[in-house]
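Chemist: Have a look at the structure that comes next, please.
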Amino acid sequence: MISLAELQRRIDSGELSADAAIAQSVEATVAHDKTIGAFVCRPETVHAASAGPLRGIAVGIKDIIDTADFPTEMGSTIYKGWQPREDAPVVMMLKQAGASIAGKTTTTAFASVDPTATLNPRNHGHTPGGSSSGSAAAVAAGMIPLALGTQTGGSVIRPASFCGVAAIKPSYRLLPTIGVKCYSWTLDTVGLFAAGVDDVARGLAAMTGRPELLLPSGIPTPRIGIVTQDFADAPEAAGAEALRIATNAAERAGASVRTLALPEIIAEAWRVHPVIQEFEAHQALAWEYRENYDAMAPNLRGRLDESKGGTPTEYDAAMDVAGRARHALAKIFDDVDVILTLSAPGAAPKGLGSTGDARYNRLWTLMGTPCVNIPAYIADGGLPVGVQVIARYGDDAKALAAACFVEEALAR
């Protein structure tokens, strides 16, 4: 993989020009994308910016995010050839930081559940995950050092786990979702993929103009609470092994580690996530569902068919549960710095018929907390399995620092 931090170091020292760094990414993309299929479109030429912390950094943009220079087709024939007139704010944030847009990456239709044709770079017979399949795969295959994705259920953390890359789903609304096709305005969150935690932190800090998100020179030793999410059913053996390995590594490195039992209101929030997601999806996708029903991707259309009886009363009750759960979760962080939990049930499922299961992600999306994936274990078939570090809402810097602590502990 291409390390963003290493590219920055070489560019800043004069060892590598920004143009040469971009050319490196373009060359790698040309070499690998014909096999992996991570991009839906790419420019004929990519130029480096002359200034900015991300100059020389080629970035992939998930194809539900508006771009003025490329079509935004959202993985759907309904938007074939659709060309926005402006960049989404997150794209402009990248450009203003000096990044170069390397193209649009594949997405499941409207970031839902119908798989793309993208292959997992670690094992071509297995899914890369969804819905940010192209972004995760492009970074994992060493094509680009940074990519944008989105998460409504588990669409940043899960593909990062399956493809073996670092990723952050930041605190809700740290990155704006204007110009991003909406599925659920309560849940949709823009996130980043990169080779390692330092790379993710540098990308997010540069985009947002928040230097406090950069990793400190001395990583503090965190107090870690282990959460198994029993309410989401048992993990597969590979998922359990990844969490065991990460827990033991953190403890050996000196972290305070203890198992946490979450209160019932948090389990209830996990159960109501789909109520909120699908109620809002019926409004966000009302035009597509009503006026273009036959052109909708079949799995998404089926999901909307099944959930069309949702009522405002049920939605309001679910939102009340979510609010109470957020208060309960905030109290848990009085006793621990971060939570360490599963990123996915196990390794990437075989075949391209499914993007995997978001059951270990959706609670944290609803809670709005920052989540960072770290590769922790290699299962049979060379398939990575990650764990995620979660901090209190707004404590993205703490989540990144603790994730770096775990990442370094795993590397020892």
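Chemist: Put +1 on the Cβ of every Lys and Arg and -1 on every Asp and Glu Cβ in the range 246-336; which of Ile276, Leu262, Trp287 then has its Cα farthest towards the positive end of the dipole?
Modeler: Of the options given, the answer is Leu262.
Chemist: Pairs of alpha-carbon atoms within less than 8 angstrom and 6+ residues apart define the contacts here; what relative contact order does the range 264-373 have, in percent?
Modeler: 37 percent
Chemist: With Cβ to Cβ distances under 13 Å as the rule, what net charge do the other residues near Ala20 carry (K, R +1; D, E -1)?
Modeler: Spelling it out: positives minus negatives among the neighbours equals -1.
Chemist: Ok, one more. Rg and Dmax of the range 235-282, Cα atoms, in Å?
Modeler: 16.3, 48
Chemist: Take Asp199, Asp69, Asp305 and sort them by solvent-accessible surface of the protein heavy atoms, 1.4 Å probe, largest at the top.
Modeler: Reading off the accessible areas and sorting them downward yields Asp69, Asp305, Asp199.
Chemist: So, with +1 on the Cβ of K and R and -1 on the Cβ of D and E, and no other charges, what is the size of the charge dipole of the range 13-152 about its Cα centre, to the nearest 20 debye?
Modeler: For this selection, approximately 180 debye.
Chemist: Dipole of the chain, Cα-centred, from +1 at each Lys and Arg C-beta and -1 at each Asp and Glu C-beta, to the nearest 20 debye?
Modeler: 340 debye
Chemist: Less than 14 Å Cβ to Cβ from Ala160, Lys/Arg counted +1 and Asp/Glu -1: what total charge do the surrounding residues give?
Modeler: +2
Chemist: Work out the FRET efficiency for Lys331 and Thr221 from their Cβ-Cβ distance, taking R0 = 22 Å, and round it to the nearest 0.05.
Modeler: Given R0 = 22 Å and the Cβ-Cβ separation, E is 0.45.
Chemist: Restrict the search to the range 218-324; then list the trypsin sites (Lys or Arg not before Pro) that DSSP places in a loop and that have at most 14 other Cβ atoms within 10 Å of their Cβ.
Modeler: Passing both the DSSP loop test and the Cβ count: Lys308.
Chemist: In nm, to one decimal, how far is the modelled label at Ala20 from the one at Glu86, with both set 7 Å along Cα→Cβ?
Modeler: 3.9 nm
Chemist: Let me ask something else about it. Using the reciprocal of the averaged 1/r over all distinct C-alpha pairs, how large is the Kirkwood radius of the range 347-389 in Å?
Modeler: Roughly 11.9 Å, rounded to one decimal.
Chemist: Determine, at each q value in 0.17 (inverse angstroms), the log₁₀ of I(q)/I(0) that the Debye formula gives when each Cα of the range 192-287 is one equal point scatterer.
Modeler: The Cα Debye sum returns log10 ratios of -1.11.
Chemist: With a probe of 1.4 Å, find how much accessible area the range 337-412 has per residue, and write the answer as a whole number in Å².
Modeler: 29 Å²
Chemist: Over all distinct alpha-carbon pairs, what is the Kirkwood Rh of the chain in angstrom?
Modeler: About 20.9 Å for the chain.
Chemist: Another one. Give me the 1.4 Å probe accessible area per residue for the range 187-289, excluding ligands and nucleic acids, in Å². Provide the component values of the computation, followed by the final result.
Modeler: Working: 4160 Å² over 103 residues.
About 40 Å² of surface per residue is accessible.
Chemist: While we're looking at this one, here's another question. For the range 36-58, list residues with backbone N below 13 Å from a point placed 7 Å from the Cα of Ala117 toward its Cβ?
Modeler: In the range 36-58, the label zone of Ala117 (backbone N under 13 Å from the point 7 Å along Cα→Cβ) covers 36-41.
Chemist: With all protein chains present, how much of the accessible area of the chain (probe radius 1.4 Å) comes from carbon and sulfur, to the nearest whole percent?
Modeler: The C+S portion of the solvent-accessible surface of the chain is 51 percent.
Chemist: Just grab the label-to-label distance for Leu260 and Ser50, each label 7 Å out from Cα along the Cβ direction, in nm (one decimal).
Modeler: 4.9 nm
Chemist: Considering only C-alpha atoms, what is the centroid distance from the range 337-412 to the range 95-157, in Å?
Modeler: 16 Å
Chemist: What value, in deg cm²/dmol to 500, does the helix sum -39500 (n - 2.57) over DSSP H runs of n ≥ 4 give at 222 nm once divided by the residues of the chain?
Modeler: -12000 deg cm²/dmol
Chemist: What value in Å³ per residue do you get for the convex hull of the alpha-carbon atoms in the range 13-62? Can you show the working numbers first?
Modeler: Numbers: hull volume 4.4 nm³, N = 50.
Hull volume normalised by residue count: 87 Å³.
Chemist: Taking the Cα atoms of the range 32-93, what is the range of coordinates along each of the three principal axes, in descending order and whole Å?
Modeler: 38, 30, 17
Chemist: When the distances between all Cα atoms of the range 1-157 are binned every 10 Å from zero, what whole-number percent does each bin get?
Modeler: So the P(r) values, bin by bin, are 12, 42, 35, 10, 1.
Chemist: Report for the chain the percent antiparallel among DSSP-assigned beta bridges with both residues inside it, nearest 5.
Modeler: Numbers: 29 of 45 bridges.
Antiparallel bridges make up about 65 percent of those DSSP assigns within the chain.
Chemist: Identify the chymotrypsin sites (Phe, Trp or Tyr not before Pro) of the range 263-341 meeting these criteria: DSSP loop state and at most 10 other C-beta atoms within 10 Å of the C-beta. Each step should come with its number before you reach the end.
Modeler: On the way: sites: Trp270, Phe279, Trp287, Tyr289, Tyr293, Tyr315, Phe333; in loops: Phe333.
Qualifying residues, ordered by number: none.
Chemist: What does the charge count around Phe279 come to, taking other residues whose C-beta lies under 13 Å from its C-beta (Lys +1, Arg +1, Asp -1, Glu -1)?
Modeler: Numbers: positive: Arg303, Lys308; negative: Glu278, Glu280, Glu306, Glu314, Asp316.
Value of the local net charge: -3.
The values are calculated or read from the model by the stated rules, or taken from the named source; none is laboratory data. Only a predicted model underlies this, so the values are computations on that prediction, with no experimental measurement involved. Every residue, glycine among them, receives a Cβ derived from its backbone with ideal geometry; neighbour counts consider all protein chains shown. For accessibility, only protein heavy atoms count, side chains too; no ligands or nucleic acids. Shrake-Rupley method; radii C 1.70, N 1.55, O 1.52, S 1.80 Å.
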